[in-house]
1. So, in the stretch 192-314, how many Lys pairs have Cα atoms under 25 Å apart, if the pair is 8 or more places apart or on different chains?
2. Give me the accessible area of Leu257, 1.4 Å probe, in Å² rounded to the nearest 10.
3. Calculate I(q)/I(0) for the stretch 149-202 by the Debye formula, one identical point scatterer on each C-alpha and no solvent, and give its log10 at q = 0.16, 0.23, 0.28 Å⁻¹ to two decimals.
4. Please give the net charge around Ile314, taking every other residue with its beta carbon less than 12 angstrom from that of Ile314, where Lys and Arg add +1 and Asp and Glu add -1.
5. Non-local amide H neighbours of Met43 (under 5 Å, H modeled in plane, Pro and chain starts lacking H): which ones?
6. What list of ³J(HN,Hα) values in whole Hz, one per residue of the stretch 175-181 in order, does the Karplus curve 6.51 cos²θ - 1.76 cosθ + 1.60 (θ = phi - 60°) give from phi, with Gly and Pro shown as x?
7. For Ile270, what is the net charge nearby, where nearby means another residue's Cβ is under 12 Å from its Cβ and Lys, Arg count +1, Asp, Glu -1?
8. Using θ = phi - 60° and the Karplus form 6.51 cos²θ - 1.76 cosθ + 1.60, what ³J(HN,Hα) does each residue of the stretch 141-157 get, whole Hz, x for Gly and Pro?
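The values are calculated or read from the model by the stated rules, or taken from the named source; none is laboratory data. These numbers come from a predicted model, not from an experiment. Here Cβ is always computed from backbone atoms with ideal geometry, including for glycine, and neighbour counts include all displayed protein chains. Surface accessibility is based on the protein's heavy atoms, side chains included, excluding ligands, DNA and RNA. Shrake-Rupley method; radii C 1.70, N 1.55, O 1.52, S 1.80 Å.
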Amino acid sequence: MSVNKEGQIVQSPYRYGHIGDDAMSDEVDWDSLTFSLTPTDTMYITTTDIDSPWDIGELIPYGDMKMSPAAGVLNYGQGLFEGMKAYRTAEDNIVFFRPEENARRMQRGADRLKMPPVPESIFIDAVEKVVSANKKWIPPMGKGALYVRPLLFGSGPVLGVSPAPSYTFLIYVTPVGPYFKGGMSAINLLISEEYHRAAPGGSGGVKAIGNYAPGMMPSKKAKAKGYAEVIYLDAETHTFIEEVGAANFFCVKDKVLYTPELTGTILPGITRMSIIELARSRGYKVVEEKVSAEFAMAADEAFCCGTAAVISPIASITKGENTATYGDGTPQPITVELYEALTGIQNQTSEDNFSWIHPLPEGI
Ligand code: PLP
Ligand code: COI
């Protein structure tokens, strides 16, 4: 890949030789996967000018990129990311979970950050192509998944605070295991009383890259005290739970599920949305409303959820001097039921009554 005079990344004429190699990689120890980066073979890239339509991109070797020092993304954080997974199923099929929702969320984010939205058809085609080219990196069922990371960013140079003249849509993939150490073992969380993730009218409701760096220091501080992550409260009243670092929050009280309503400051998680539908289909009442820390700490069960986090049971929540422990601190029954139901659909060990599964088409 190289950069033209306008500072735009230009597509490489080279195509990678191993595309379509299906044998599973022997470079990965599938039993000890964590949520970390393993470089894979191939990535997908396409670029456009601000006023031009997106073209279908191409697959190029995974590797470093050159960019103008004045790129919009480097100077003003004009960038978005997405996260989804490709699963190897019980029947050795390769499937995605609701990728159209990731495409639509990225379009909403592009609108908010004044970037040209990538058409859903190009997004899906890109996801299919890059996963197909990296099939050998998809872990065996039950050991993890291939994390698919689409990026959209202002790659052209700009000095004033305004939209970049050109944009790059790129996808790389990497095999991953559990997001939180210990997989399905329950985690201890700390409510942040000092920091907030998002404020009304800001960018909390889209997957802007700039939403994540400010969470690193609070998260590190909490981890140093032995917590897995922080829970953020709303920035206005410091009362209501918003979300958990990079995952949405649920609690269960008297067999009713509660999750914070989407007020624009919370990321509308695709896992969250799916759990709401799944739980309702299994006869549970699900309430989307403001969930106070006090209420959540008096609940019977709690969990967080996301593409990376899947469904992660919460053992305890600490706020100041108070700690609430759910049950005996082990995963509680409704959390486990929903985990089994969700992962059963993703692994195709149970029926997908919702048409959420998007199989990788043959012959891509
Ligand atoms: N909240 C934040 C801040 C996130 O980054 C994510 C991850 O994407 C989620 C929630 C969960 O969203 P999803 O279920 O779509 O992965
Ligand atoms: C995801 O769940 O895909 C996320 O984006 C979470 C995190 C890795 C940022």
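1. Eligible lysine pairs with Cα atoms under 25 Å apart amount to 8.
2. 0 Å²
3. Those come out to -0.92, -0.95, -1.04, one per q.
4. With Lys, Arg at +1 and Asp, Glu at -1, the net is -3.
5. Under 5 Å from the amide H of Met43 lie the amide H atoms of Ile60, Tyr62, each far enough along the sequence or on another chain.
6. Couplings: x, 9, x, x, 6, 9, 3 Hz.
7. For residues surrounding Ile270, the net value is +2.
8. So the J values, rounded to whole Hz, are 3, x, 9, x, 8, 8, 7, 10, 10, x, 10, 9, 8, x, 9, x, x.
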